[in-house]
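The block underneath contains the structure these notes are about, expressed in structure tokens.
Derivation of every value follows stated rules applied to the coordinates shown; laboratory data play no part. None of these values were measured; they are calculated from a predicted model. Cβ atoms come from the backbone with ideal geometry, glycine included; neighbour counts cover every protein chain shown.
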Amino acid sequence: MAEIRLKRGRDRSLLRRHPWIFSGAVQSVSGDPDSGETVDVLSADGTFLARAAWSPGCGLCARVWTFCETESVDDAFFAGRFDRAALLRRRIFPGGLPDAYRLIHSEADGLPGFTCDIYGGFVVCQFTSAGAERYRAVLTREAGRFAPRGVYERSDCDARSREGLPFRTGLILGEEPPENLTFTENGIRYFCDVRRGHKTGFYLDQRENRLAVRNMAAGAEEVLNCFCYTGGFGLAVLAGGAKHVCNVDASAEVLALARKNAELNGFGPDRFECLEADVFSYLRQCRDCGKTFDLIVLDPPKFADSAAALPRAARGYKDINLLAMKLLKPGGILFTFSCSGAMNETLFSQVVDSAASDAKLDFRIVRTLSQGPDHPVSSAVPESRYLKGLGGIRF
Ligand code: SAH
């Protein structure tokens, strides 16, 4: 087997079982491994550290499959990882598996560079690393065990470009998912566009947070759902007893699907309004004309891709949080999220606290939220705790 040997002192993160190896830590490579090939990772003195997938030409040049020297990376290994992931989901959903959930969450399920989401009888998967790409056949076969109808590929995310892999989408196994694929989440029905939607079609990671928002929406006359995508939080507040929600997004395409989702659940445009606008400008517009809300949801796209982008991202988060807090009626509720993995919970809380302080209002945080449990956090990979949310009341 090909081997990579690390520079002296560069084995510390691996010893803590963090699965990423950066090219700057590598002293030498022997055996001329191909892209995605499994290599043994050795410390400077030749001690076995891990078995990893090799991604030549990539800053993150190897991702660990296993830290166990006696474990081979073969069909049985991948079957075992799927079994483990399925067991975890059975434990976290003791009442039965939901219609739609994440089955494999990359590093946090021991399969770096591979994600796999279930929508009814279909599996939608993404291969985002050279290692996952190399084992595509066995990963697809394993995914097929959970897909009575078909396995569809959505390998069209930026991570693939970083690995030098071309985008690839399409059916890999079974039948084509229908254009109007639907699933149910907490009693609400959704259309899901697995071909063109964000991620694999839906923000499954917000399932429990949609429920948290819904549980605080009773009686809200006016709700503002910012960055609404296909309307998840908007439908949740109406199901929770809100009277009216204005859903804002910059994309006409996602708003069209949001409208269809509202119709599917029997909500007309009188209660579920859609507005194509830039949220930053719209919040200012509301401020300038004195419009106020009982509940606001802020679920923006990732503002920070890396630590270097954090200062600018923090300003963006503070800007929208400050504006939103000022638009709340006294007693109004704000749910605010950040899905930037580079921004940790402490920094996010600081941003929200300083927005409240600048807005000169009393903001009481009553909910601290994270990604759903089918998007587990690996205790060795702080970056896998990427979604953070706070819910609070303004007085
Ligand atoms: N809350 C959603 C997910 C939000 S994804 C859910 O639970 O399903 C982020 C959304 O923000 C995308 O739909 C994107 O089109 C939109 N977006 C990005 N930048 C925007 C901007 N400046 N103004 C309005 N919408 C924006």
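The single residue among Leu181, Leu165 that is buried (at least 19 other Cβ atoms within 10 Å of the Cβ), touching a helix residue (DSSP H, G or I) at 6+ places or on another chain (Cβ under 9 Å) and among the aliphatic types (A, V, I, L, M) turns out to be Leu165.
Within region 99-106, can one find any residue that is free of Cβ contacts under 8 Å to residues at least 12 places away in the same chain and either surrounded by 14 or more Cβ atoms within 10 Å (Cβ to Cβ) or more than 21 Å from Leu165 (Cβ to Cβ) (or both)?
Looking for residues that are free of Cβ contacts under 8 Å to residues at least 12 places away in the same chain and either surrounded by 14 or more Cβ atoms within 10 Å (Cβ to Cβ) or more than 21 Å from Leu165 (Cβ to Cβ) (or both), one finds none in region 99-106, hence no.
Per-residue answers, yes or no, for (1) farther than 14 Å from Val124 by Cβ; (2) within 16 Å of the ligand (Cβ to nearest atom):
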| residue | (1), (2) |
| --- | --- |
| Gly150 | no, no |
| Ser155 | no, no |
| Arg168 | no, no |
| Glu175 | no, no |
| Glu185 | yes, yes |
| Asp193 | no, yes |
| Asn209 | yes, yes |
| Ala218 | yes, no |
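Look at region 213-231: where a residue is closer than 8 Å to Leu295 by Cβ and a partner is more than 7 Å from the ligand (Cβ to nearest atom) and assigned to a helix (DSSP H, G or I), sitting 6+ places away or on another chain with Cβ atoms under 6 Å, you get Val213/Ala236; Ala217/Val237; Val223/Val237.
Check whether at least one residue in region 71-82 is in contact with a Leu (Cβ under 6 Å, 6 or more places away or on another chain), surrounded by 13 or more Cβ atoms within 10 Å (Cβ to Cβ), charged (D, E, K, R) and in a strand (DSSP E or B), and report yes or no. There is no residue in region 71-82 that is in contact with a Leu (Cβ under 6 Å, 6 or more places away or on another chain), surrounded by 13 or more Cβ atoms within 10 Å (Cβ to Cβ), charged (D, E, K, R) and in a strand (DSSP E or B).
The residues of region 234-250 that are buried (at least 20 other Cβ atoms within 10 Å of the Cβ), out of contact with any Cys (no Cβ under 7 Å at 6 or more places or on another chain) and in a strand (DSSP E or B), listed by number, are Val245, Cys246. Among the residues of region 317-331, the ones that are surrounded by fewer than 21 Cβ atoms within 10 Å (Cβ to Cβ), part of a helix (DSSP H, G or I) and touching a Lys or Arg at 6+ places or on another chain (Cβ under 7 Å) come to 1 in all.
Restricted to region 233-247, and to residues there that are within 10 Å of the ligand (Cβ to nearest atom) and in contact with an Asp or Glu (Cβ under 8 Å, 6 or more places away or on another chain), the residue that is farthest from Glu208 (Cα to Cα) is Asn247.
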